[in-house]
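Colleague: Before anything else, here's the structure in question.
The values are calculated or read from the model by the stated rules, or taken from the named source; none is laboratory data. This one's a predicted model, so the numbers in the text were calculated from it and none came from an experiment. Note that each Cβ is placed from the backbone with ideal geometry, even for glycine, and that neighbours are counted across all protein chains shown.
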Amino acid sequence: MKGKVSMSGKLRIKKIKPKKKGMIKMLLNKIKPLAQRFGLMLPEKSVIEMYGSLRAKRITPDGDVFDYGIVSRKKVTTVFVNYLVDSMQTTGMMNIFRWHHSGGVTDAEAITDVQLTSGGAFLRDYGTSTEGATANIYRSIATHTYTSGAYTVKEHGIFSSSSSGEAGDTMLDHHVFGAIACSSGDSIQFTYELTATAEA
């Protein structure tokens, strides 16, 4: 007598991923305080952000207004950052950065700049000094009228004094942007804002 036994089975395989990222993060959180305590790891930096923006409006003698919006978001200078640090140590003033100057050269701006590439033959304009839309925004507005014939404006700077000849004259920000062609008698209203954001 013969008997048959039939057997069948199913094998299910489930892939289990090790929680490497979680384990590594947990270990780092435990190790970091000890490493910092013994000088093996520096504490994380506190980072704040500071950036400038420039708006421009061209106004004709007839009152027509051409709004170019934000034309540039560069570039806060090293000399201003140094001035800021110095002012925290001495009696330096911070509400003097309201002198606007424009020029006609498009060389790229750099943090090392201290003057415009070409400031033209006209004087700087004294602007307002107010708070922007929120408490962390500084705003200055000034208007310049180009009365010595047609002029193409390509750069702008904001300074601490009325001329480069004054002692301690400091450039806060330098902006280079697309050409704005002005006919004689046209004006440009510049609105400069410096935004400082606290550590996230």
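Colleague: Of all residues in the range 150-179, which are surrounded by fewer than 19 Cβ atoms within 10 Å (Cβ to Cβ), in contact with a Ser or Thr (Cβ under 8 Å, 6 or more places away or on another chain) and under 21 Å from Arg73 (Cα atoms)?
Modeller: Ala179
Colleague: Restricting attention to the range 159-192, report how many residues are under 15 Å from Gly104 (Cα atoms) and touching an Asp or Glu at 6+ places or on another chain (Cβ under 6 Å).
Modeller: Final tally of qualifying residues: 2.
Colleague: Also, I was wondering about something else. Can you say whether Ala108 is modelled with pLDDT under 95, closer than 22 Å to Val81 by Cα and assigned by TED's automatic domain parsing to the domain that holds Val81, as far as the supplied structure shows? Talk me through it step by step, then tell me what you get.
Modeller: Details: modelled with pLDDT under 95: yes; closer than 22 Å to Val81 by Cα: yes; assigned by TED's automatic domain parsing to the domain that holds Val81: yes.
So Ala108 passes the test.
Colleague: Kindly evaluate Ser164 against the criterion of being polar (S, T, N, Q), over 23 Å from the mean Cα position of the chain (by Cα) and within 24 Å of Tyr51 (Cα to Cα). Can you show your working first?
Modeller: Numbers: polar (S, T, N, Q): yes; over 23 Å from the mean Cα position of the chain (by Cα): yes; within 24 Å of Tyr51 (Cα to Cα): yes.
Yes; evaluated as a whole, the condition is true for this residue.
Colleague: Filter the range 53-75 for residues that are under 16 Å from the mean Cα position of the chain (by Cα), crowded, with 17+ Cβ neighbours inside 10 Å and of a type in the set (A, V, I, L, M) and give the result.
Modeller: Listed by number, the residues that qualify are Leu54, Val71.
Colleague: Something else: Could you look through the range 125-155, keep only residues that are farther than 25 Å from Gly63 by Cβ and not in a strand (DSSP E or B), and pick out the one that is nearest to the chain's Cα centre (by Cα)?
Modeller: My answer is Asn136.
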